[in-house]
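Engineer: If you scroll down you'll find the structure; I have some questions about it.
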Amino acid sequence: MKTLKHFLAALLMVGVFAGCEDDSVKAVLKSDVSPNVLQAPSSSAFVLTLANKDQNFATIGWTATDYGFKASVTYTLEADIAGNNFANAVELATTNSLEAALNVGATNDILLGMGLVPEEPTQVQLRVVSFVDDSVDPVYSNAITITLSSYATSFPPIWGMGAALKGWGPWPANAVEWQSSEFRKYETIAYFTNGETFRWFGQLDWGPVSYNYPYFTTVSSVFVNGNDGDSNLRVTAASGWYKVGVDLNSKTVTAVAVDEPVLYMTGAGIGGWDQPGTGVSIKMTYIKPGVFQADAPFVSGETFRFFAQANWGPLSYNYPYFTSVPDYFVNASDGDLNFRVSGESGTKKVTVDLNEKTVTLGDPPLPVLFITGDDFGWGWNDGQYIEMTYSAGNGNFTATVNLTNNNLFRFFPQKGWDPSYNYGYFTTVDADLANQGAGTDQNFRYVGTTGSRTITVNLTSKVVSLD
């Protein structure tokens, strides 16, 4: 025979108590519940890697929650950093089954959003929340602890600054970029001046992060401790071009002498077909590996080409080499498929990026970023979005906006819907912002106090902060 609690539960489930579901009824239900039990996986430590981003790394299972009556239960697997007591819990999966397979890439994005440092093992607690409907209190399972190591998905550069390079300031004009394609590993080719000093900085400014000689455990003999009060690196080798690698993980600096990176322009399109390195040919200014810039006097209707050495061969770059070229140039369709100047004659700044295979004219346009969402009207009509202010010095976008608790928003690099930057794109997000959730657009949900807030976004370091 059913108990009174079972009877009340059944009545509530069919709506008999609709409109009068008070705390006493919930208490009756809750007292009769047998919570589910979260089962520990076979391994307690997992290292996530980019190479396995499309694979599953674990399947987490649990027993069913017994409510004392037949119920359709939704289970949500939650995670938080161990010790937080699930104060900042995030959803890993939502399902009606008794297990959830965890994908490497999707879980890694969530871990980065939680603030996990890539490649650093971190203890994470898991639990399962059982949910029937709003009339029944959620039920929480036991918690288990596993160790997870995430991987980086963005590789922002560091910058060298000092008299050994282009001088001690100003920012950002005299900063030398060290590019990165691996987590905390950097490399560039730059000209170093003997006897002068420099240091690396984690941002396009003097602070807060910088790296001097004592930071490293192994440093190439090209450099010594400057012993100048700031312990900068001093160039002890001959002045010249060096390929310098910086590994902040192993705290090492490598350096090897190399030839100067060069790129020349020549052709009637800039005044004459002189051998590169002679006559009116133009030696472009080296910006960073693969990127060169020059002011060139273009001649309408004439042709030209880029050359990788002060000679006709062996390497040159004609029109078809590039994937993006301004309309000011066309394919000459001559024997060498040179560039032809199709616009009016005149001096223009030209930038060549051999890595991206692009040619651009003029100063690169400043990037733009917009916010739209519940507080703005979700659209591109006047007043339905906010354009953020860009700072070339640090790459930050900022805007002061009024945000309403529990409302949604997202970032867009244009006045249009595609592409966009949602919660999952970023690796570090302010605690007053939450993920809208899996299976949605993963918009930002504002969980702070309603009012005016200043949002700062960095698309390179993938950070969103609120003041």
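Engineer: Only one residue in Val139, Val124 is at negative phi, surrounded by 19 or more Cβ atoms within 10 Å (Cβ to Cβ), modelled with pLDDT under 95 and outside the structural domain of Ser210 (by TED's automatic domain parsing), so which one is that? Even if it seems obvious, please write down each step before you answer.
Structural biologist: Numbers: Val124 fails: modelled with pLDDT under 95.
Among Val139, Val124, only Val139 is at negative phi, surrounded by 19 or more Cβ atoms within 10 Å (Cβ to Cβ), modelled with pLDDT under 95 and outside the structural domain of Ser210 (by TED's automatic domain parsing).
Engineer: Does the range 265-311 hold any residues that are closer than 12 Å to Val350 by Cα, polar (S, T, N, Q) and touching a residue at least 12 places away in the same chain (Cβ under 8 Å), and which are they?
Structural biologist: Gln293 - this is the single residue of the range 265-311 that is closer than 12 Å to Val350 by Cα, polar (S, T, N, Q) and touching a residue at least 12 places away in the same chain (Cβ under 8 Å).
Engineer: Restricted to the range 91-107, and to residues that are surrounded by 19 or more Cβ atoms within 10 Å (Cβ to Cβ) and among the aliphatic types (A, V, I, L, M), which residue is farthest from the chain's Cα centre (by Cα)?
Structural biologist: Once the filter is applied, the top-ranked residue is Ala100.
Engineer: Right, next: Please determine whether any residue of the range 226-244 is outside any loop (DSSP other than H, G, I, E, B) and hydroxyl-bearing (Ser, Thr, Tyr). Let's see the steps before the verdict.
Structural biologist: Taking the range 226-244 as the starting set, the residues that turn out to be outside any loop (DSSP other than H, G, I, E, B) are 233-235, 240-244.
So of that shortlist, the ones also hydroxyl-bearing (Ser, Thr, Tyr) come out as 242.
Yes, the conditions are met somewhere in the range 226-244.
Engineer: Does Ser231 qualify as being farther than 24 Å from Gly290 by Cα, among the small types (Gly, Ala, Ser) and touching a helix residue (DSSP H, G or I) at 6+ places or on another chain (Cβ under 6 Å)?
Structural biologist: Criteria met by Ser231.
Engineer: Moving to a separate point now. Looking only at the range 65-90, how many residues end up being more than 24 Å from Gln123 (Cα to Cα) and either of a type in the set (A, V, I, L, M, F, W, C) or surrounded by fewer than 16 Cβ atoms within 10 Å (Cβ to Cβ) (or both)? Steps first, answer last, please.
Structural biologist: Taking the range 65-90 and keeping what is more than 24 Å from Gln123 (Cα to Cα), we get 65-74.
Subsequent filtering for residues that are either of a type in the set (A, V, I, L, M, F, W, C) or surrounded by fewer than 16 Cβ atoms within 10 Å (Cβ to Cβ) (or both) retains 66, 69-74.
Final tally of qualifying residues: 7.
Engineer: So which pairs qualify, if the first residue must be in the range 312-337 and hydroxyl-bearing (Ser, Thr, Tyr), the second must be not in a strand (DSSP E or B), the Cβ gap must be under 6 Å, and the two must be at least 6 apart or on different chains?
Structural biologist: Tyr319/Leu337; Thr323/Lys357; Tyr328/Gly343
Engineer: Look at Ala100 and say whether it is modelled with pLDDT of 90 or more and over 30 Å from Lys288 (Cβ atoms).
Structural biologist: Yes: the conditions hold for Ala100.
Engineer: For the range 222-271, name all the residues that are in contact with a Pro (Cβ under 6 Å, 6 or more places away or on another chain) and closer than 18 Å to Ser210 by Cβ.
Structural biologist: Selection gives Ser231 alone.
Engineer: Here's another thing I want to ask about it. Pairs, please: C-beta under 8 Å, at least 6 apart or cross-chain, first residue more than 16 Å from Leu466 (Cα to Cα) and in the range 383-407, second surrounded by 12 or more Cβ atoms within 10 Å (Cβ to Cβ) and charged (D, E, K, R)?
Structural biologist: Taking only residues 6 or more apart or on different chains, the pairs are Tyr385/Lys415; Gly393/Asp205; Asn394/Asp205.
Engineer: Please go through the range 392-406 and pick out each residue that is touching a Pro at 6+ places or on another chain (Cβ under 9 Å) and under 14 Å from Val457 (Cβ atoms).
Structural biologist: Residues satisfying the conditions are Asn394, Gly395, Phe397.
Engineer: In addition: Name every residue in the range 377-390 that is buried (at least 16 other Cβ atoms within 10 Å of the Cβ) and not aromatic (Phe, Trp, Tyr), in order of residue number.
Structural biologist: Of everything in the range 377-390, those that are buried (at least 16 other Cβ atoms within 10 Å of the Cβ) and not aromatic (Phe, Trp, Tyr) turn out to be Ile386, Met388.
Engineer: Let me ask something else. Of the residues in the range 205-224, how many are of a type in the set (Val, Ile, Thr) and closer than 19 Å to Ala190 by Cα?
Structural biologist: 3
Engineer: Still on this structure, I have one more. Starting from residues that are in a loop (DSSP other than H, G, I, E, B) and β-branched (Val, Ile, Thr), keep the ones in the range 199-223 and report whichever is modelled with the lowest pLDDT. Quick ask: steps written out before the conclusion?
Structural biologist: Taking the range 199-223 as the starting set, the residues that turn out to be in a loop (DSSP other than H, G, I, E, B) are 202-209, 212, 216-217, 220-222.
Subset that is β-branched (Val, Ile, Thr): 209, 217, 222.
Details: Val209: 92, Thr217: 98, Val222: 98.
Selected residue: Val209.
Engineer: Examine the range 259-268 for a residue that is out of contact with any Cys (no Cβ under 7 Å at 6 or more places or on another chain), farther than 30 Å from Ser300 by Cα and modelled with pLDDT of 95 or more, and state whether such a residue exists. Break it down into steps so the answer makes sense when it comes.
Structural biologist: Within the range 259-268, the subset out of contact with any Cys (no Cβ under 7 Å at 6 or more places or on another chain) is 259-268.
Next, from what is left, pick out any that are farther than 30 Å from Ser300 by Cα: 259-260.
From what is left, the residues that are modelled with pLDDT of 95 or more are 259-260.
Yes, the conditions are met somewhere in the range 259-268.
Engineer: Looking only at the range 419-457, which residues are over 27 Å from Thr94 (Cα atoms) and over 16 Å from the mean Cα position of the chain (by Cα)?
Structural biologist: Going through the range 419-457, the residues over 27 Å from Thr94 (Cα atoms) turn out to be 449-457.
Hits for the range 419-457 are Thr449, Thr450, Gly451, Ser452, Arg453, Thr454, Ile455.
Engineer: Let me ask something else. Do we have Asn249 as touching a strand residue (DSSP E or B) at 6+ places or on another chain (Cβ under 6 Å), outside the structural domain of Ser345 (by TED's automatic domain parsing) and exposed (fewer than 15 other Cβ atoms within 10 Å of the Cβ) here? Let's see the steps before the verdict.
Structural biologist: Working: touching a strand residue (DSSP E or B) at 6+ places or on another chain (Cβ under 6 Å): no; outside the structural domain of Ser345 (by TED's automatic domain parsing): yes; exposed (fewer than 15 other Cβ atoms within 10 Å of the Cβ): yes.
For Asn249, the condition - touching a strand residue (DSSP E or B) at 6+ places or on another chain (Cβ under 6 Å), outside the structural domain of Ser345 (by TED's automatic domain parsing) and exposed (fewer than 15 other Cβ atoms within 10 Å of the Cβ) - is not met.
The values are calculated or read from the model by the stated rules, or taken from the named source; none is laboratory data. Treat the numbers as computed from the prediction; the structure is a model and nothing was measured. Positions of Cβ are generated from backbone atoms using ideal geometry, with glycine treated the same way; all protein chains shown enter the neighbour counts.
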